[in-house]
Amino acid sequence: MFLDIETTGLSHYYDEITTVGWSIGGRAETFIKGGDAAHLLRDAASAKVLVTFNGIRFDARFLRQEFPNIALPAVHIDLMYLCRRLGLKGGQKSIETELGLNYRQELEDVDGFAAVLLWHRYLRGDVEALSRLIRYNRADIAAMGAIFDRAMSGFAVEPDLFSSPVRFVDWSAPGGWNDLPGGLQPAPSHLTHAPRFDDLFAGTSAENARIVGIDLTGSEVRPTGWCLLDGSIADTRSISTDADIVAATLEARPDLVSIDSPLCLPEGRITVEDSDPGRDVFGIMRQSERELKRRGINVYPCLLPSMQKLTARGMRLAAVFRQKGVPVIESYPGAAQDIMRIPRKGAGVEWLHLGLRDFGISGTFQTEKVTHDELDAITSALVGTFHLAGLSESLGTEAEAPLVIPKLDAAPGPLVVGVSGPIAAGKTTFAEALAAKGFAYTRFSLAIDELLANDGLELNRVNRQKLGTEINESGRQRWLAEQTIKRAAGAARIVIDGLRFPEDHAFLVETFGNCFVHVYVDADEEVRRKRYRERAADDGFDEAIASTVERRVNELKVLAHESFVNHSSLSAVQVRVDELFGDIHGEGICQYPS
């Protein structure tokens, strides 16, 4: 059985088989996705030997994934390895050229990537594109037998190995091998219906989210693609300098920024340069990149010399945004393009145009000339929409910030409420009211108290504020947020008391998407001063509000999703809690009303 498959791409994790061609028993056959695979399964089960080119690593894996019950022959001859023993290297078509073989009349311009585009044209109604794809696939199979014959002639084969002369090309290219199957029809509807924006996001808070997507370049010399995706409407431009990128992004007031660039270093590394003392021990690749490699995605290590400036720039911009409370994720647009059935970047601008439009994105990019980087920025922004909608997964470790991948079957996360506000406004009262409703309670000061206790220091406001300041100024605020969340890990509903810095808000949105709700509790200063005196043994209110950890609390007010002024009693706080979260029932997993 000579066999070859065509797929939507090279990743066994994200891509899928489009056609399977094979020759066996004097006939050439083709399976087209969406059709009946019974004849493929029957012939595979009856075959004694499977012959492919690069099939051990590629075709067989896809076949077992697409058809779990397929019975492939125990003997598999992969011609790629056979050719290497004779010094014939490279892909199948280059070997055909070296051997002077030609089974591709009128198909010289078709390669593996063009085959992907032929399938996309077929999905959009072009039946002739499917015919061309089948002919291309059958030419691959026919040429395999001729390659096999040449390879065998290059070995000193014992004369009694075969009882009579064998021409494998007669098996791979039987009579009529180039004849097309009859009755080719347009693609069935279940193949042509890719998910659309409204299908995925209508009725969710992500439907109207404002996402900035940035297809970052490694230098300010080359313009960066920038997009504001307001719901499903995209506004794109090219921006060069960091200052202009920051200004445009902050002016857009986004719910989230999604950057197509590495945003962290591999664990153990402290700089992007090769002179880093940890270079030889910790390498140049993060776990997220290793996972993408495992999934069959070609990704550049973040600290490859050609990537170092890009990584440094991405980290620098992300830090600026997060300091201002703007959440930032590292995105991988290619996976989103797979989900939307858009050919990858190399297909050309016209396919990105078409795919984004078909997905339901509108904007000036449809009528005005835009760069490829701007179109990629739209896709990067869409990764942010997937993330806010809870349709994503995060690839990373505790020490390496995640790279976000769209995932349509992602499990729902917990509902997380973060409470902020100035001293004595009543934020703890609000948080405790949620705890009474079944929310797991945690607060930033608990993680700080643990550190103080380990150092034998007294657990008081002065020490807490001092250590909190040290943590923030040393760039460990996100670490503190992680430690705080860990205290409620596994709970379906969580309330976090005591957000103090804009970075806290950014981190929690990045982690939980729109399952995170930020509530700001406020009160006039005189009301708070009176409450403070009633509960404190000293009159240190002015000193307390002047501390570093309190100075930026007011910045959280504009970032909060909900806020209210608490001048009343405990019962009034309970009323507000019920107004916001009274409809949450059962496990309460991410059930905050959109």
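Since every read-out is calculated from the coordinates, none of them should be taken as a lab result. Just so you know, these numbers come straight off a predicted model, no measurement behind them. All Cβ positions, even for glycine, are placed from backbone atoms using ideal geometry, and neighbour counts span all protein chains on display.
Mind checking the dipole of segment 369-424: about its Cα centre, +1 per Lys or Arg Cβ, -1 per Asp or Glu Cβ, Debye to the nearest 20? Before the final figure, lay out the partial values.
Numbers: 2 positive and 7 negative charges, 43 e Å.
That gives a dipole near 200 debye.
Among (1) 20, 47, 26, 7, 0; (2) 19, 51, 22, 5, 3, 0; (3) 18, 41, 28, 11, 2, 0, only one was calculated for this model; which label is it, if the read-out is P(r) over Cα pairs in 20 Å bins from 0, in percent?
Among (1) 20, 47, 26, 7, 0; (2) 19, 51, 22, 5, 3, 0; (3) 18, 41, 28, 11, 2, 0, the one derived from this structure is (3).
At most 14 other Cβ atoms within 10 Å and a DSSP loop assignment: could you name the trypsin sites (Lys or Arg not before Pro) in segment 345-442 that fit? Walk me through the numbers before you get to the answer.
Working: sites: Lys345, Arg357, Lys369, Lys407, Lys427, Lys437; in loops: Lys369, Lys407, Lys437.
Those that pass, being in a loop and sparsely packed, are Lys369.
Within segment 59-145, report the GluC sites (Glu not before Pro) that DSSP leaves as loop and that have at most 12 other Cβ atoms within 10 Å. Please list the in-between numbers first.
Values: sites: Glu66, Glu96, Glu98, Glu106, Glu108, Glu128; in loops: Glu106, Glu108.
Loop-located and lightly packed - Glu106, Glu108.
Grab the Cα-Cα distance for His567 and Arg85, subtract it from 0.36 nm times how many residues apart they are, and report the gain in nm with one decimal.
Numbers: separation 482, 0.36 × 482 = 173.52 nm, distance 8.29 nm.
Working it through step by step, the gained length comes to 165.2 nm.
Kindly provide the helix-only [θ] at 222 nm of the chain, computed as the sum of -39,500 (n - 2.57) over DSSP H runs of four or more divided by all residues, to the nearest 500 deg cm²/dmol? Don't skip to the answer; put the middle values down first.
Values: 25 runs with 245 residues, N = 594.
The helix-only estimate for the chain comes to -12000 deg cm²/dmol at 222 nm.
Assuming R0 = 22 Å, can you tell me the calculated FRET efficiency for the pair His353 and Asp198, based on Cβ-Cβ distance, to the nearest 0.05? Don't skip to the answer; put the middle values down first.
Numbers: r = 19 Å, r/R0 = 0.88.
The calculated FRET efficiency here is 0.70.
Of the GluC sites (Glu not before Pro) in segment 233-295, which ones lie in a loop per DSSP and count no more than 13 other C-beta atoms within 10 Å? Could you put the intermediate results ahead of the total?
Values: sites: Glu251, Glu267, Glu273, Glu289, Glu291; in loops: Glu267, Glu273.
Answer in residue order: Glu273.
Which lysines have a Cα lying under 27 Å from the Cα of Lys369, excluding residues fewer than 8 positions away in the same chain?
Lys345
Under 1.5 on a/c is rounded, so check that first for segment 46-88, then, if it is not, pick prolate when a/b is larger than b/c and oblate when it is not; a ≥ b ≥ c are the square roots of the alpha carbon gyration tensor eigenvalues.
On the way: a/c = 4.39, a/b = 1.82, b/c = 2.41.
It comes out oblate by the Cα gyration axes.
Taking R0 as 45 Å, what FRET efficiency do you get between Lys324 and Arg57 from their Cβ-Cβ distance, rounded to the nearest 0.05? Working shown, then result.
Values: r = 47 Å, r/R0 = 1.04.
The value I calculate is 0.45.
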